[in-house]
Amino acid sequence: MIISILTIVIILLCCSYSYAYNLTTYDPIKASYDKYKDLYHQYNRTLITTVSGSPSLHAISSTPHATYDDKLEYPDFFLIGAMKCGTTSLNKLLTDHPDICMGIEKEKHFFDKDVYLNGYGEYRKEFDGCPKTKKTIDSTPRYVNYDFVPKRIAESYTPEDLANKKIILILREPVSRHYSEYQMRIRLCEKMLQHLKDDDTVEKRGDRSCNRASNNWVEGMEEADVKLMSFEEWVESNDGKQEIIRGHYIEHILDWLHVVRRHQLFIINFESLIKNTPDVMTRLAKFLELETDWGPNAQLPVPITWARRPDTYLDCKTYDRLAKYYSVVNDRLVKFINNHPDKPKMEPYFPFFSNTRKSCQDGGNVDDDSVNTRDDGVDDAVENGPNFKEDD
C-alpha cells in the first residue's frame, strides 16, 4: 500500500515537472510539428509504397461527384500555387501565349471561398470572353493549401473531364517562401500607411496586413507610431504559425493526388524556372498540349525596383529553426516528385532546394532579392489592379 502511494506521488511530481518544463521551453514551430507529425508519418508510409511502384495514392481514396444536373467545363488548366513562389510571373508567361485565355481575373478564388456554394454561374462568366478555340486557365495560388479545394473540383466535373484537366504547381525553398510572405505583410502595411487616403484597395489590404504584422496596430495610427514585428516575432504570431503550413508541400500534393493522377500534375522548382526558363516552358507547352511553345527566348517579367525597401531582416536563429522544421515536414519530397511512376514524362527534374542560409544575419536589411535571387514583388507589379484578390 505504502509503495503504491509513493509510486503515485513520484508520477505526479514527474508530470508536474514535465508540464513546467514544457511551458518554459515552448517552441511554436515544434508545437506545430507535434500537432502534424502523426499525419505526416501516415503519409510517409504511403510515400514508401507509392515511390516503389505501387498504385497511385488516388486509388486509396476517392471523392464522390455531386449530383449536379450540369457540370463545369472551364477551365482547361489550373495553376494552384504555391503562394509567394512566382505564380503571377508564371501566369503572365502562360497568358501571353496566343492559345491561352485567362478570362477576367487571374485569381478567381471560386473553389476556395463560399461563392462556390452559390452555383457555377459567376464562375462561368469569368470565361465568357474567351474564344472556344483557346485553352482557359484559373491561377489561384492558395488552391493548393486547402484539402477541400480538390474535393470541390472533383465534384464539379464529370469523371471524363476531370481526367483531362492539367494542374500546374510551382514550389520554392520553404524558408524563403515564408520570409517572402512576411515581407509582403510589412510592405502592404507600410504602403497603406504612406497612401492611406489614395486608394481603397491599398487601404483594405494594408489594414489587414498591419493587423497581422504589427504589435500595436489600431486603425488611424500614424506611421511613426506603428511597431512592426520582426521576422522572429511574426513567425511566433498567430498569423505566422498559420502561414507556416503553406510550406507543407508534400501534404498538399498528396491531397490533390486523391482526386487527380500524378500525370495530370506538373511540378516546377522555382529556381529551375528562373535559371532555365525556356527549357521549363518548352516542357510545359508539351504537357499542356499546345501547338507552339514560348521559344528559346522565353523570359519571366522583369522584377520591379522598390522605391523603399521594408526595414526587415532574416535572423539566423529563426532561419535555422524553420529549416530544421521543414526538413522533417518535407522529407522525401524530391524523391516523391522525381520517382513517382506516374510522373509526366515531360516534367523537368526537380532538384533539391538550394541552401539559402548565407542570406541570414543578425541585423540589417534582408529582402527577397538576396534570399531568393529574384524579387517576387513582380507579382504585385503585374497584378496591381483595382480588382486584385489578395489572400484573406
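Any read-out appearing in this document is the output of simple, stated calculations on the displayed coordinates, not a laboratory observation. Being a predicted model, the structure only gives us computed values, none of them experimental. Methodologically, a virtual Cβ is constructed for each residue, glycine included, from the backbone with ideal geometry; neighbour enumeration extends over all protein chains shown.
The label point for residue 227 and the one for residue 73, both projected 7 Å from the Cα toward the Cβ, are 5.9 nm apart.
Going from the fewest other Cβ atoms within 10 Å to the most, the residues 293, 70 appear in the order 70, 293. Ranked by the mean number of other Cβ atoms within 10 Å of their residues, highest first, the peptides 331-337, 180-186, 259-265 come out as 180-186, 259-265, 331-337. Counted residue by residue at 0.36 nm each, then reduced by the alpha carbon distance between them, the extension gain from residue 114 to residue 132 reaches 3.7 nm.
For the residue pairs 151/227; 113/135; 151/191; 125/191, the C-alpha atoms sit more than 30 angstrom apart in 151/227; 151/191; 125/191. Measuring r between the beta carbons of residue 289 and residue 104 and using R0 = 35 Å, the FRET efficiency lands at 0.90. Here the calculated FRET efficiency for residue 125 and residue 261, from their Cβ-Cβ distance with R0 = 25 Å, stands at 0.25, rounded to the nearest 0.05. Listed values for the stretch 172-188 are Karplus-derived 3J(HN,Hα) couplings in whole Hz (6.51 cos²θ - 1.76 cosθ + 1.60, θ = phi - 60°), namely 9, 3, x, 5, 4, 4, 5, 5, 5, 4, 4, 4, 4, 4, 4, 5, 5, and x replaces Gly and Pro.
Amide H contacts for residue 79 (H built 1.01 Å from N in the peptide plane; partners 5 or more residues away or on another chain; cut-off under 5 Å): 138, 139, 140, 168. With the simple model of a label 7 Å out from the Cα in the direction of the Cβ, residue 160 to residue 194 spans 5.5 nm. Database remark: amide H of residue 214 closer than 5 angstrom to the amide H of 229 (H placed geometrically; neighbours at sequence offset of 5 or more, or on other chains; Pro and chain starts carry no H).
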